[in-house]
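Colleague: Take this structure, written in structure tokens, and hold onto it; I'll ask about it next.
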Amino acid sequence: MTSGLFESYTLERIHWVSLYLGLPSVGLDTTFPTEAACEARLYQVRWPDGPVCPRCFHQNVNFLDLRKLQVCRKCKKQFSLKSGTELHGSHRGLKFYFGLAEEIIQYRQRNDMPTLRMLQDKHGMAYATAIKLRSKLSADLAKFHGGLLGRCICVIFPRLPQDMVFGTDTHLLLLEREMQRRRWRELGIE
């Protein structure tokens, strides 16, 4: 069931299981309890060295607090935290998108996908919106390290032993064992 974005089933499974294992063990609601916490995380991931103008790549910018905009001091371009990302022009808050991305990762690590009707009913959105969001977020999460959203919500990426080769069946087996250990811990078995 490879999606065409990955060379093999093994690489696809490694990608989604790695993202799943990178999710905070205490849950997203605890890790990012407010919209401000989500914005801070997106800011940290997108601009680790401070904001950069998308037009001239200048780093000397002002922040307009009232409108939550960055203004480049060189070219006067105004841009927001979501400008130029998959979330540009979105009307819902980052907390919603973080939660939806977590949901997609949890389904994909089981080789499944949330149904459009389920997304529509659970999140109170139109069917066409569910189609668009599922497609857009799935494509972003399928990128290296889960794209921008994946890097925001996945806080711990599993490390490989030095002698292990990335993308092999042994790599996948190691990740699946770690996933099983996590389930046992949640159940109090280990």
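Colleague: Can you tell which of Leu66, Leu81 is part of a loop (DSSP other than H, G, I, E, B), more than 22 Å from the chain's Cα centre (by Cα) and modelled with pLDDT under 95?
Modeller: Details: Leu81 fails: more than 22 Å from the chain's Cα centre (by Cα).
Selected residue: Leu66, the only one of Leu66, Leu81 that is part of a loop (DSSP other than H, G, I, E, B), more than 22 Å from the chain's Cα centre (by Cα) and modelled with pLDDT under 95.
Colleague: Let me ask you something else. For region 4-36, give me each residue that is of a type in the set (Gly, Ala, Ser), assigned to a helix (DSSP H, G or I) and without any contact (Cβ under 8 Å) to a residue 40 or more places away in the chain. Before the answer, list the steps.
Modeller: First, the residues of region 4-36 that are of a type in the set (Gly, Ala, Ser): 4, 8, 18, 22, 25, 27, 36.
Now narrow it down to the ones that are assigned to a helix (DSSP H, G or I): 18, 22, 36.
Selection gives Ala36 alone.
Colleague: Pick from Gln109, Gln162: which is crowded, with 18+ Cβ neighbours inside 10 Å, over 11 Å from the mean Cα position of the chain (by Cα) and polar (S, T, N, Q)?
Modeller: None of the other options fit; the residue is Gln109.
The values are calculated or read from the model by the stated rules, or taken from the named source; none is laboratory data. Everything quoted here is computed from the prediction, not taken from an experiment. So basically every Cβ, Gly included, is an ideal-geometry build from the backbone, and we count neighbours across all protein chains shown.
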